[in-house]
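Computed from the coordinates by the stated procedures, all read-outs in this text should not be read as laboratory data. These figures come from a predicted structure and were not determined experimentally. Counting neighbours? That spans all protein chains shown, and the Cβs are built from the backbone with ideal geometry, glycine included.
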Amino acid sequence: MSKAVVDDTLKRWHVIYTKSKWERKVDGLLMQKGFESWCPVQKRERQWSDRKKIIEEPLFRSYVFVKVAKLDYTQLLSTMGVVNFLYFEKKPAIIRDNEIEAIRKYLGLSNTSIQVIDMANIPVHTKVSINQGLFMGQTGAVVKSSKKTVYVQLVSINMMMIVEFKAEEVSIK
């Protein structure tokens, strides 16, 4: 049996976690080092006591996308402001090219707005849909949420169940 060889020079999109409010600085520093980096921003109207102003703010707080090969991980992580990779199943998370392009296209449309909600901050009683697993297609209400899990109340056959789901298994209705 042959084991699949992973090419350490293949560049893929990753998500890196940055210091708070360092997203744009890190993006610039990574580009200076020659990395293909992207910090998606969105225009927002902010109200101060004396004026309103349109500002660009990062779409994802403390996250920057970077296209990097495995052999460049150390150089990337040594960049000022970079905390670590975002991990999924104990490996740096990889984002598909088409997902990056979809975000870019959507942000390029006029009058668009993307709202990013941290699953840990889903308000109680929010209606959600289950996207995976045994309860796929069911809807329920959030009872409690944390960074990685969401507890959803499902009502079925006159019985109420509280089921724990991984955050990525639910979406807000």
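Could you list Val83, Val124, Val66 in order of exposure, starting from the residue whose Cβ has the fewest other Cβ atoms within 10 Å?
Ranked by crowding around the Cβ, least crowded first: Val124, Val83, Val66.
Can you give me the C-alpha center-to-center distance between segment 36-50 and segment 64-103, rounded to a whole angstrom?
22
Do any of Lys105/Lys144; Lys53/Lys90; Lys19/Lys144; Lys52/Lys90; Lys70/Lys148 go past 32 Å between their Cα atoms, and which?
Cα-Cα > 32 Å for Lys105/Lys144; Lys53/Lys90; Lys52/Lys90; rest within.
All other residues with a Cβ under 12 Å from the Cβ of Thr18 taken together, and with Lys, Arg as +1 and Asp, Glu as -1, what is their net charge?
+3
Around Ser129, with a cut-off of 13 angstrom between Cβ atoms, what is the net charge of the other residues, counting Lys and Arg +1 and Asp and Glu -1?
That sum, taken over residues with Cβ under 13 Å, equals 0.
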